[in-house]
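Beneath this line is the structure, given in structure tokens, with notes to follow.
The values are calculated or read from the model by the stated rules, or taken from the named source; none is laboratory data. Since the model is a prediction, treat every value here as computed from it, not as a measurement. Don't worry about glycine lacking a Cβ; one is built from the backbone with ideal geometry, like all the others, and counts go over all protein chains shown. The protein model used for the area step is the full one, side chains on, heavy atoms only, and it has no ligands, DNA or RNA in it. Shrake-Rupley method; radii C 1.70, N 1.55, O 1.52, S 1.80 Å.
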Amino acid sequence: LLHVLCSLLVALLARRLSGQDSVGALAGLFFAVHPAHVEPVAFISGRVDALVASFGVASVLALLVARGERGPVRLVWQGLGCAAAVGAMLSKEIGVLVPGLVFLCLAWDARRSGAPWRRAILSGLRESAGAFGVLLLYFGGRQVFFPAPGAGSDWSGGPSLGGRLLTLAGNPGRASVG
């Protein structure tokens with residue numbers, strides 16, 4: 001089911017970016033049947049690949065729809081696009097590329113609509129700012145809760161904020177941590 005959803009989303013994205021129904025149908029069909037990456041369909045452990053693809057393409061589609069809307073409806077579509085970007089990033093690490101894909105697709109759509117390249121690029125940057133903001137929050141959250149250098153430490157070698165919060169949550173009576 002997840003692969004079918006992803007194939008439909010790819011078809012919708014290709015249709016939107018090309019402006020032709022036949023291109024969308026062929027892209028969705030090709031994505032559905034091409035055997036280059038069968039793990040998401042064949043094995044349950046590969047479902048994260050289908051999840052990141054579905055969330056990523058849904059993010060692009062939602063932000064493309066938001067570009068044509070005004071007022072509160074635009075904000076709803078932008079929120080859905082950013083939420084889908086979060087879903088992609090939380091599904092698998094490769095999801096951090098979604099904001100870049102969003103930017104490229106928004107710039108391409110603006111260019112296809114007749115805007116000069118400079119204006120299309122600036123429009124893509126402006127309209128993908130929410131997705132890049134989500135990316136910054138994601139990286140910030142990773143640093144806080146999952147620091148890299150040593151278990152439970154931040155870059156300075158002390159206990160991480162996430163580690164301190166988890167310690168306090170587990171032992172609320174403890175006055176000071178580390």
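Only protein atoms count toward the accessible area here, which uses a 1.4 Å probe; on the range 1-137, the carbon and sulfur part of that area reaches 72 percent.
Using a probe of 1.4 angstrom and keeping all protein chains present, the accessible surface of the range 40-124 works out to 52 square angstrom per residue.
Once the other residues with Cβ under 14 Å from the Cβ of Phe31 are scored (Lys, Arg +1; Asp, Glu -1), what is the net sum? Intermediate values should be presented prior to the final figure.
Details: positive: Arg15; negative: Asp49.
That sum, taken over residues with Cβ under 14 Å, equals 0.
Provide the net charge surrounding Arg119, with neighbours chosen by a C-beta distance below 14 Å and charges set as Lys +1, Arg +1, Asp -1, Glu -1.
With Lys, Arg at +1 and Asp, Glu at -1, the neighbours total +3.
First select every other residue whose beta carbon is under 14 angstrom from the beta carbon of Ala129; then total the charges, Lys and Arg +1, Asp and Glu -1. Summing Lys and Arg as +1 and Asp and Glu as -1 gives +2.
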